[in-house]
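Have a look at the structure below, then the notes.
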Amino acid sequence: MSRVAVIGGGLAGITAAIALAESGADVTLLEARPRLGGATCSFNRDGLIVDTGQHVFLGCCSAYRGLLAKLGMTEHAPLQRRFDVTVLAPGANGQPRRARLRRTALPGPLHMLPALGRYPFLSRAERVSVSRPALAMRRVDPADPAVDQQRFGDWLAAHGQGERARRALWDLFSVSALNIAGDDASLSLAATVVKTGLLGKNNAADIGVAALPLGELHGDAGATLLAKLGAQVLLATKVTGIEPEPGDGSRFRICLAQGGEMIADAVVLAVPHEKAAPLIPPDTLPDGTVASWAGLGASPIVNVHVIYDRPVTDLPFAAAIDSPVQWVFDRTRISGLGRPGQQYLAISLSAADEYADVPAARLREQFVPALAELFPAARDAQVTEFFVTRERRATFRQAPGSGALRPGTATRRPGLVLAGAWTDTGWPDTMEGAVRSGLAEAIELKASLSTIGVPK
Ligand SMILES: Cc1cc2nc3c(=O)[nH]c(=O)nc-3n(C[C@H](O)[C@H](O)[C@H](O)COP(=O)(O)OP(=O)(O)OC[C@H]3O[C@@H](n4cnc5c(N)ncnc54)[C@H](O)[C@@H]3O)c2cc1C
């Protein structure tokens, strides 16, 4: 039986470890932190269970939903029956303006037309103009390298989308999906999102939100399944080097930070690009490849957490325009907030470069009034707790040119494969991308082990 080391216990590593253990390999998952789940994690703040970053997924995230099913978690991550988003904006007389973007049962892409036709934050002419890029997008090939060189904002402008349409409509989805200011996103990744989510099947963009903290949904459930499959999970185990064994180099020595090492027939490297770069043995990839990964950079996500002494909204989540608030989620039940009558809201701020280093007190001065503009009941409510979580390297910067820098799964060294949401999955840096990479890499590794004659 081949011994496989999976390095990194995020969604990519968990997925790969499960797939390889299921196929009969002797799997050891090595994770630097004291828990599994990677970027999808939770912590306990005096009894309150906090996700460091609110996550959502879509109906079209088939690989991620497959992982949830394997983990026995489908019922704990429900999808909307139909795509349904309330969009709020501050109003002139203190009353917020409100729109509801709700799909119909019509087949895609017609399913969104009635809601877009009524969208009150655009003029009639702007609403009519939306069909132009929607139609043109069908001809955009996300895999075309020339498409990856273009800015989404320039492409939208060239297809009749002025500043208002880009900010009040397209940004709603592209900024949160791609974690970069809407205009600055790679057209290639934006096209994947728009074509799959909005122009595909009518249920493709239905939104899923976990009903459990992410640590339980992914990390704890992943550890339980891996134990059942006989895989070994080593937490708080940081890998500091991967060295091909002397001789024919068909095995690998995995060096550990706490001292000691492990020998493996094959390695799945499922860590972020900046952590993968120093671990790759020389000559594993064409010259310059590893150095080029620095160009993928990083883009932050900041979550602003506010607890009120009373309920201020009955919406499970909402998007906002003309406000610093982007998306806001009711976390009261999920967090186990045991304070009767109080409500816990989390604001998710993508592409949050301007907030990443701002002190919590200043963010409070900005976001508590911004929430009061959207939720009138918040004006009389007391804030009982306010805190901020910051993920400075939440995703890579999904800008033009990033597609060319994302490596595939295979390397020149049989038995060593790459995984992670940053690799060339064709998807944005998302949970779906991470799971797809984990599956792709497990398939690649099984093929590679057969090639070098190691029994699977
Ligand atoms: C705040 C936030 C909000 C997000 N929102 C969404 C969302 O709404 N929807 C969505 O689909 N996606 C969202 N994402 C993105 C999504 O979480 C990621 O794309 C995905 O989880 C990445 O998974 P991964 O396994 O590729 O990498 P990671 O989750 O980064 O896992 C890599 C793991 O490798 C470990 N590691 C690193 N170095 C070593 C080493 N030397 N030895 C051992 N282990 C090591 C790390 O500790 C980590 O656990 C969000 C991300 C963040 C941060």
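Here are the numbers:
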quantity	calculated
Those residues of region 407-440 which are of a type in the set (A, V, I, L, M, F, W, C) and either surrounded by fewer than 24 Cβ atoms within 10 Å (Cβ to Cβ) or more than 16 Å from residue 15 (Cα to Cα) (or both), in sequence order	410, 416, 427, 439
Which numbered condition residue 343 fails, given (1) touching a residue at least 40 places away in the same chain (Cβ under 8 Å); (2) at negative phi; (3) in contact with a Ser or Thr (Cβ under 9 Å, 6 or more places away or on another chain)	(1)
Residues of region 143-201 satisfying the condition of being of a type in the set (Gly, Ala, Ser) and within 22 Å of residue 405 (Cβ to Cβ)	143, 146, 153, 174, 177, 181, 182, 185, 186, 188, 190, 191
Number of the condition not met by residue 66 [criteria: (1) out of contact with any helix residue (DSSP H, G or I) (no Cβ under 6 Å at 6 or more places or on another chain); (2) within 24 Å of residue 195 (Cβ to Cβ); (3) assigned to a loop (DSSP other than H, G, I, E, B); (4) not acidic (Asp, Glu)]	(3)
Residue pairs meeting the criteria (Cβ under 8 Å; at least 6 apart or on separate chains; first at positive phi, in region 168-184; second assigned to a helix (DSSP H, G or I) and more than 13 Å from the ligand (Cβ to nearest atom))	none
The lone exception for residue 103 - which of (1) touching a residue at least 40 places away in the same chain (Cβ under 8 Å); (2) more than 17 Å from residue 204 (Cα to Cα); (3) basic (Lys, Arg); (4) more than 9 Å from the ligand (Cβ to nearest atom) it fails	(2)
Qualifying residue in region 40-59 (condition: more than 16 Å from residue 389 (Cβ to Cβ), part of a helix (DSSP H, G or I) and in contact (Cβ under 8 Å) with a residue 24 or more places away in the chain)	no
Qualifying residue in region 372-389 (condition: of a type outside the set (A, V, I, L, M, F, W, C), surrounded by fewer than 20 Cβ atoms within 10 Å (Cβ to Cβ), at pLDDT 95 or above and within 16 Å of the ligand (Cβ to nearest atom))	yes
Number of the exception - residue 80 against (1) farther than 22 Å from residue 177 by Cα; (2) within 23 Å of the chain's Cα centre (by Cα)	(1)
Selected residue (only one of 120, 114 is away from the ligand (no atom under 16 Å from the Cβ), over 28 Å from residue 401 (Cα atoms) and in a helix (DSSP H, G or I))	114
Residues satisfying the stated conditions in region 77-97, i.e. outside any loop (DSSP other than H, G, I, E, B) and either out of contact with any Pro (no Cβ under 8 Å at 6 or more places or on another chain) or surrounded by fewer than 16 Cβ atoms within 10 Å (Cβ to Cβ) (or both)	79, 84, 85, 86, 87, 97
Members of region 138-167 found to be assigned to a helix (DSSP H, G or I) and surrounded by fewer than 20 Cβ atoms within 10 Å (Cβ to Cβ), listed by number	145, 146, 147, 154, 157, 158, 163, 164, 166, 167
Members of region 182-203 that are among the small types (Gly, Ala, Ser) and modelled with pLDDT of 95 or more	185, 186, 188, 190, 191
Long-range neighbours under 6 Å by Cβ, at least six apart or interchain, first residue closer than 15 Å to residue 394 by Cα within region 269-287, second in a helix (DSSP H, G or I) and more than 6 Å from the ligand (Cβ to nearest atom)	273/293; 273/296
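Residues are listed down the side, and each one gets a yes or a no for (1) hydroxyl-bearing (Ser, Thr, Tyr); (2) touching a residue at least 60 places away in the same chain (Cβ under 8 Å); (3) under 30 Å from residue 425 (Cα atoms):
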site: 337; (1), (2), (3): no, yes, no
site: 347; (1), (2), (3): no, no, yes
site: 353; (1), (2), (3): no, no, yes
site: 404; (1), (2), (3): no, yes, yes
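Condition check ((1) loosely packed, with under 14 Cβ neighbours inside 10 Å; (2) in contact with an Asp or Glu (Cβ under 6 Å, 6 or more places away or on another chain); (3) part of a loop (DSSP other than H, G, I, E, B)) across all residues:
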| site | (1), (2), (3) |
| --- | --- |
| 282 | yes, no, yes |
| 290 | no, no, no |
| 313 | no, no, yes |
| 324 | no, no, yes |
| 351 | no, no, yes |
| 355 | no, no, yes |
| 363 | no, no, no |
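Residues are listed down the side, and each one gets a yes or a no for (1) away from the ligand (no atom under 14 Å from the Cβ); (2) part of a strand (DSSP E or B); (3) touching a helix residue (DSSP H, G or I) at 6+ places or on another chain (Cβ under 7 Å):
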{"site": "191", "(1), (2), (3)": "yes, no, yes"}
{"site": "197", "(1), (2), (3)": "no, no, no"}
{"site": "202", "(1), (2), (3)": "yes, no, yes"}
{"site": "212", "(1), (2), (3)": "yes, no, yes"}
{"site": "219", "(1), (2), (3)": "no, no, no"}
{"site": "222", "(1), (2), (3)": "no, no, yes"}
{"site": "237", "(1), (2), (3)": "no, no, no"}
{"site": "241", "(1), (2), (3)": "no, yes, yes"}
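The values are calculated or read from the model by the stated rules, or taken from the named source; none is laboratory data. Please read all numbers here as calculations on a predicted model, not as lab measurements. Positions of Cβ are generated from backbone atoms using ideal geometry, with glycine treated the same way; all protein chains shown enter the neighbour counts.
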